[in-house]
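To start, the structure itself, in structure tokens.
Throughout, read-outs are computed from the coordinates displayed, never taken from laboratory work. Bear in mind the structure is a predicted one, so any value in this text is a computation, not a measurement. Positions of Cβ are backbone-derived with ideal geometry, glycine not excepted, and every protein chain shown enters the neighbour counts.
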């Protein structure tokens, strides 16, 4: 019988100042470099506002929420060794991991764009994700295609 209980590894993240959203705060934390949170906040807020202006939507948080829903993965593959062979086994993505992958793909897609400020990159990526286009949505579709192609190996997940 263990003597000590382990601490939960999931940190409590406080909502952001402007929209009172934990998801926006997680994006700000992911965009932040070298602990410069105010700069990251300004970049994210400016990007959200520019995206809302471009789409002619009053509330930037609506654009943000819809864009994140369009990027969210529902299935992914994990590598598993069975009898000397490695198989890509499809698994459902839930909760914390789903949010993590969504934000990671969004930020990496925004950073991959070049020739403009980070606020503009975030705005363009938000508009693309809102319209079900762009690099982050393509990443989700590729992940789903991979999971779908390896459906035959789903029975290995039950071991």
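Test residue 114 against the criterion of being closer than 21 Å to residue 145 by Cβ, without any contact (Cβ under 8 Å) to a residue 40 or more places away in the chain and loosely packed, with under 11 Cβ neighbours inside 10 Å, and give yes or no. Please lay out each step first, then the result.
Details: closer than 21 Å to residue 145 by Cβ: no; without any contact (Cβ under 8 Å) to a residue 40 or more places away in the chain: yes; loosely packed, with under 11 Cβ neighbours inside 10 Å: yes.
Criteria not met by residue 114.
Could you check region 20-34 and list, in sequence order, the residues that are free of Cβ contacts under 8 Å to residues at least 60 places away in the same chain, under 13 Å from residue 61 (Cα atoms) and under 18 Å from the mean Cα position of the chain (by Cα)?
Pass one, region 20-34, residues free of Cβ contacts under 8 Å to residues at least 60 places away in the same chain: 20-22, 24-25, 28-29, 32-34.
Still in the list and also under 13 Å from residue 61 (Cα atoms): 20-22, 24-25.
The answer is 21, 22, 24, 25.
Does region 35-53 include one or more residues that are on the phi < 0 side of the Ramachandran plot, assigned to a loop (DSSP other than H, G, I, E, B) and either surrounded by 15 or more Cβ atoms within 10 Å (Cβ to Cβ) or free of Cβ contacts under 8 Å to residues at least 12 places away in the same chain (or both)?
The first filter runs over region 35-53 and keeps only residues on the phi < 0 side of the Ramachandran plot, leaving 36-53.
Right, trim to assigned to a loop (DSSP other than H, G, I, E, B) and you get 36.
Checking the rest, the ones that are also either surrounded by 15 or more Cβ atoms within 10 Å (Cβ to Cβ) or free of Cβ contacts under 8 Å to residues at least 12 places away in the same chain (or both) come to 36.
Yes - at least one qualifying residue is present in region 35-53.
Tally time: how many residues in region 63-82 are free of Cβ contacts under 8 Å to residues at least 60 places away in the same chain and surrounded by 14 or more Cβ atoms within 10 Å (Cβ to Cβ)?
Let us first name the residues in region 63-82 that are free of Cβ contacts under 8 Å to residues at least 60 places away in the same chain, namely 65, 69, 78-79, 81.
Still in the running and surrounded by 14 or more Cβ atoms within 10 Å (Cβ to Cβ): 65.
Result for region 63-82: 1.
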